[in-house]
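What follows is a short report on a single structure.
The values are calculated or read from the model by the stated rules, or taken from the named source; none is laboratory data. If you're wondering where the values come from, they're calculated on a predicted model, not measured in any experiment. Note that each Cβ is placed from the backbone with ideal geometry, even for glycine, and that neighbours are counted across all protein chains shown. Just so you know, the surface numbers come from the protein's heavy atoms only, side chains and all, with ligands and any DNA or RNA stripped out. Shrake-Rupley method; radii C 1.70, N 1.55, O 1.52, S 1.80 Å.
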Amino acid sequence: MSDHNGSARPADGKSHGGAATSGSYTINLEIFAKRLKVFYSHWKENKSTFWSNVNAIAIGTPPPSDDLRYLKSSALNIWLLGYEFPETIMFFMEKQIHFLCSPKKANLLETLRKSAREAVGIEIVMHVKTKSDDGSVKMDEIIRAAHSLSKSAGSSVIGYISKEVPEGKLLETWLDKLKGSGSTLNDVANGFSELLACKDDIEQTCVRKAANLTLTVMKMFVVPKLEKTIDEETKVSHSTLMDETEKVILNPIKVDVKLKPENVDICYPPIFQSGGVFDLRPSASSNDDKLYYDSTGVIICAVGSRYKSYCSNIARTFLIDANAKQKKAYVVLLKGQESVINSLKPGNKVCAAYEAMVAVVRKEDPELVQYLTKSAGTGIGLEFRESGFSINSRNDRIVKIGMVFNVTLGFQNLMAETKNPKTQKFSLLLSDTVIITAEKTEVLTLKCSKSVADVAYSFNDEEEELPKVKPTTSGIETFATKATLRSDNQEMSKEEVRRQHQAELARQKNEETARRLAGGGPAPGDGRGGGKTSTDLVAYKNVNDVPFTKETMIYVDQRNESVLIPIHGFMFPLHISTVKSVTSRQDNRTCTTRVIFNVPGTPFNPHDANTQKNQNEIFLKEISFSSKDSRHSSEVVQALKTLRRLVASRESERAERATLVSQERLQLATGKMRPVRLSDLWTRPNFGGRGRKLPGSLQAHINGLRYSTSRSGEQIDIMYGNIKHAFFQPAEREMITLLHFHLHNHIMVGTKKTKDVQFYAEVMDVVQTLGGGRRSAMDPDEVEEEQRERERKNKINMDFQNFVNKVHDQWSQPQFSVLDLEFDQPLRELGFHGVPHKSSAFIVPTSGCLVELIENPFLVVTLNEIEIVNLERVGMGQKNFDMAIVFKDFKRDILRIDSIPSTSLDGIKEWLDTTDLKYYESRLNLNWRSILKTITEDPEKFIEDGGWEFLNMEASDSDTDNSVESDQGYEPSDVQSESLSEEDDSDSESLVESDESEEEEAEDSEEDKGKTWEELEREATNADREKGDESDSEDERKRRKMKAFGKARMPEKRGDIRRPPKRSKF
């Protein structure tokens, strides 16, 4: 018996109470009964349409084989029984199922009798064949039974799969018996194709796991392998790459996929093609030619894997120094595949998807239609190619929920404009596994990117042939960057590619912003709720609660949180929250106590409901008392301050907790499900309070994480559903290894409300050497100490890694699939230094965020929440520049990262471009608060003026090289003019003060350089007269003269007409 599930378990991989067992094999009786009922119902309801009006169906499975083959007979065995039963004949009739097989198989199949009878009222008849028996006598018995049951129905019509050539003596004899039986034989392949097309939940889970393995192998092994091969310029054959990839598929742990090796297999040997020889058929193979990756080269990679016999597939095309024709063809192919996927919706015909693809290709480039593949893919499942659901122009079958398709299309043998025989012809291929659901068409292999930015590689192997270009000098100081290439020409081509991609992103971003602004309403994730609501402040509910005092002096009632103040001989009660501040001043023998109250109109006064609803009343603003008892005055002041601080702290915490979103209850892992544990951790933020800080342990339970210490009350619960991002950062150059969780909703840690919770362990102790002299690097004690530190760091990193892997296993369960959780790891090679808050920090991108997790406060920016990025103070010989991040929620303040070294500029631009984030460059810092206010007040004008293109420095420079407007671009109408901004310089919101004279002289031309003081004074006077500034004071004019004189003496390079960088007042 051939176990295609790879184990002695049912198709869903679980043990069930209703399972039939024989030896090491188990048949899930529940699944068998359910699917047998589906089979007979489908046969009865579609007898004339798909099953050719047959009265019986004969299925024979061939002997075992090491070759990869896909047969409908084998697929039916696996679908119905969980295994393929080689050399077994199944004969389905309306009231009976006959099995002809060996004794061992018969013992296992005997257990199906009860389930078949209860499910569809069918009897199972066994025909046991010994090794020496050819089975012909048993075959005659089956055919006689078919004839006897079909006499009442007329002639006997038997269905079989005509395209499956019989293998082995048993099947050859069986086919001869059928042909000589006198019955009509009709093909029923269409019936089985329709029956197996819609996958149930168990089958969909298998397909998803297979697709996850396929895309992970492509993303984590194939792509890095190709990049390393090309980067190191090593020679490797297609067949070698095929063998290495196949080994990774058969051992999923190599790419951190938690699937048992016995449950996985390849769909076909992995395909690698390059060097002008391409075959886009599914039966293609990898030859022994070397991988070709020279300029204008094309590499096609296809990988398919199976999980419990269910198939998945992915194919990607990689372009090396592609020319314009290759890139255009790839973009058209990408749009064509998207049209196919979008057309595969429940209720549509399969041919509609192919027609949509042809229409898109014809619209984009009619010449490419003739090079299209004849189909756009097929159905996929237990068979790699479900031919009944081929996506072509003739297939009018209906797409249904639960179907799975291998959407595969390409261009075959396109001609490139090159003389190299290995690049004259090229082909393109894209393939993805998609599943049809009620909500959408889900692409299971989407996480392996196929965008042009990710598959097009730019290299330069022809620097010897390129002419040397003499660099031109300019007034702008140049800096070395990370991405320095080997020639100036290649640098220009790379920059041009990036510029074209940024132009496309600008168009998409403006369209997206226009749609969002046209929709109106607050942007998601506003987070700016209404003001804090407050209940009425009541000192005492009735007169009897007021404490009695013998003397008319200030009395602090700690119990009722009130203060009794004597006014005209009466004790007047006030709640402590009405007190804003209290001070005491001693003058000679008299001590004056001054109490100031919260009243409307006071600066920085919290306008709660009590003051707002009584605005028309008369309020007591302050009151002073004089006393000769300085000791009593001091005690009163101290008591008031203490009580006010306690009440304010309590109310603040209560308000914080009131805004918290209620979380689900943590389900503890008990019994056999022992929680995953990581010990000796510290947390940030800490619990606060007094006493020594204690380390704790982090445990992963059923639906969340719990951190706790040995001290009661110190506990943090983090629900999996509340985790927005999870990060794992092992210690390399840092002193700590950490796990960081960025949450959707705030939680309380001690008395602090936070969205960021971090657990860390210190990898080395802070030790101070008390000895006076320095120790030698060869000192044995020093070497031993360093070795211990390395071992400690490696051990802690490994412990954290094991914890992360185990938690990943939990997150891979079906109930957490909708959360899409995984631990992200910072990409240090893309990191850069900057100042996000008050101090410099090393900021690192991850796959979906921009983070800084060492310094507090932490920085976590979600990339898909970013609208645009503006790089400010770029050029002009600056050593640093700033980054302004504008979020899609315009009510959210922008994030500034200041003082980024200019050496990181090119690397940041490359990273932003590869993550599809639109960025702009400007020479000045902009007043973003005013800009966003203007946009939200008049979004239509913002869109009419070109959207974000007012930030495009290159477009502005093309209009005028010397105008201030070219630096600032789009200027909001409510922003003050430059002349007014001079007078309001102190109130400006610019981060760096601007020089007033430079504001006025922004339009100085090249002719101004080197002029005398008198000439500049005369021009300034004329300019003032034209602007109507004759009323300026003498001091103002003198100040302008001095500024102009200073500028005239400033040494400048010829040809550089731009001003020194400064921040604008916008």
Could you list, in sequence order, all residues of region 387-428 that are open to solvent by 50 Å² or more (accessible area, probe 1.4 Å) and hydroxyl-bearing (Ser, Thr, Tyr)? Ser387, Ser393
Is at least one residue of region 867-877 in a loop (DSSP other than H, G, I, E, B), at negative phi and open to solvent by 60 Å² or more (accessible area, probe 1.4 Å)? no
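Among the candidates Val217, Val222, single out the residue that is under 30 Å from Pro261 (Cβ atoms) and touching a Leu at 6+ places or on another chain (Cβ under 9 Å). So that I can check it myself, show each step before the final result.
On the way: Val217 fails: touching a Leu at 6+ places or on another chain (Cβ under 9 Å).
Testing whether each residue is under 30 Å from Pro261 (Cβ atoms) and touching a Leu at 6+ places or on another chain (Cβ under 9 Å) leaves just Val222.
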Selection over region 759-815 where residues are part of a helix (DSSP H, G or I), in contact with a Leu (Cβ under 6 Å, 6 or more places away or on another chain) and at pLDDT 90 or above yields a count of 1
Where Asp133 falls short, out of the listed (1) open to solvent by less than 50 Å² (accessible area, probe 1.4 Å); (2) in contact (Cβ under 8 Å) with a residue 12 or more places away in the chain; (3) not basic (Lys, Arg): (2)
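So is Ile249 under 30 Å from Val807 (Cα atoms) and either without any contact (Cβ under 8 Å) to a residue 24 or more places away in the chain or in a strand (DSSP E or B) (or both) or not? Spell out how you get there, then give the answer.
On the way: under 30 Å from Val807 (Cα atoms): yes; either without any contact (Cβ under 8 Å) to a residue 24 or more places away in the chain or in a strand (DSSP E or B) (or both): no.
In short, no.
In region 688-708, what count of residues is obtained for those that are modelled with pLDDT under 85 and open to solvent by less than 40 Å² (accessible area, probe 1.4 Å)?
Step one: of region 688-708, the residues modelled with pLDDT under 85 are 688-693.
After this cut, where a residue has to be open to solvent by less than 40 Å² (accessible area, probe 1.4 Å) as well, the list is 688.
The qualifying residues number 1.
Suppose we filter region 354-390 for residues that are under 24 Å from Lys328 (Cα atoms) and in contact with a helix residue (DSSP H, G or I) (Cβ under 6 Å, 6 or more places away or on another chain); how many remain?
Residues of region 354-390 under 24 Å from Lys328 (Cα atoms): 354-377.
Remaining after also requiring in contact with a helix residue (DSSP H, G or I) (Cβ under 6 Å, 6 or more places away or on another chain): 356-357, 360-362, 364-365, 368-369, 376.
Result for region 354-390: 10.
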Got at least one residue in region 150-162 being over 30 Å from Glu30 (Cβ atoms) and under 51 Å from the mean Cα position of the chain (by Cα)? yes
Let me confirm something: among Asn342, Asn313, which residue is closer than 30 Å to Ala75 by Cα, assigned to a strand (DSSP E or B) and either open to solvent by less than 30 Å² (accessible area, probe 1.4 Å) or not assigned by the TED database to the domain that holds Ser74 (or both)? Asn313
So, in region 668-687, exactly how many residues are surrounded by 15 or more Cβ atoms within 10 Å (Cβ to Cβ) and without any contact (Cβ under 8 Å) to a residue 40 or more places away in the chain? 2
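Based on what the data block shows, is Lys258 in a loop (DSSP other than H, G, I, E, B), open to solvent by 20 Å² or more (accessible area, probe 1.4 Å) and within 30 Å of Asn802 (Cβ to Cβ)? Lay out the reasoning, then the answer.
On the way: in a loop (DSSP other than H, G, I, E, B): yes; open to solvent by 20 Å² or more (accessible area, probe 1.4 Å): yes; within 30 Å of Asn802 (Cβ to Cβ): yes.
The answer is yes for Lys258.
Would it be correct to say that Val54 is of a type in the set (Val, Ile, Thr), at pLDDT 90 or above, assigned by the TED database to the domain that holds Thr173 and more than 24 Å from Leu171 (Cβ to Cβ)? Show your work before the answer.
Working: of a type in the set (Val, Ile, Thr): yes; at pLDDT 90 or above: yes; assigned by the TED database to the domain that holds Thr173: yes; more than 24 Å from Leu171 (Cβ to Cβ): no.
Judged against the criteria, Val54 is not a match.
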Out of (1) in contact (Cβ under 8 Å) with a residue 60 or more places away in the chain; (2) assigned to a helix (DSSP H, G or I); (3) in contact with a Leu (Cβ under 9 Å, 6 or more places away or on another chain), the odd one out for Pro63 is which? (2)
Can you pull out every residue in region 883-908 that is under 17 Å from Glu867 (Cβ atoms), buried (at least 19 other Cβ atoms within 10 Å of the Cβ) and either of a type outside the set (A, V, I, L, M) or not assigned by the TED database to the domain that holds Asn864 (or both)? Phe887, Phe890
So if I check each of Leu334, Leu319, which one is in the same structural domain as Glu233 (by the TED database), within 12 Å of Thr408 (Cα to Cα), touching a residue at least 60 places away in the same chain (Cβ under 8 Å) and not charged (D, E, K, R)? Leu334
Please indicate, with yes or no, whether at least one residue in region 104-119 is part of a loop (DSSP other than H, G, I, E, B) and over 20 Å from Ala197 (Cβ atoms). no
Single residue of Lys104, Lys138 found to be more than 22 Å from Glu45 (Cα to Cα), open to solvent by 40 Å² or more (accessible area, probe 1.4 Å) and free of Cβ contacts under 8 Å to residues at least 40 places away in the same chain: Lys138
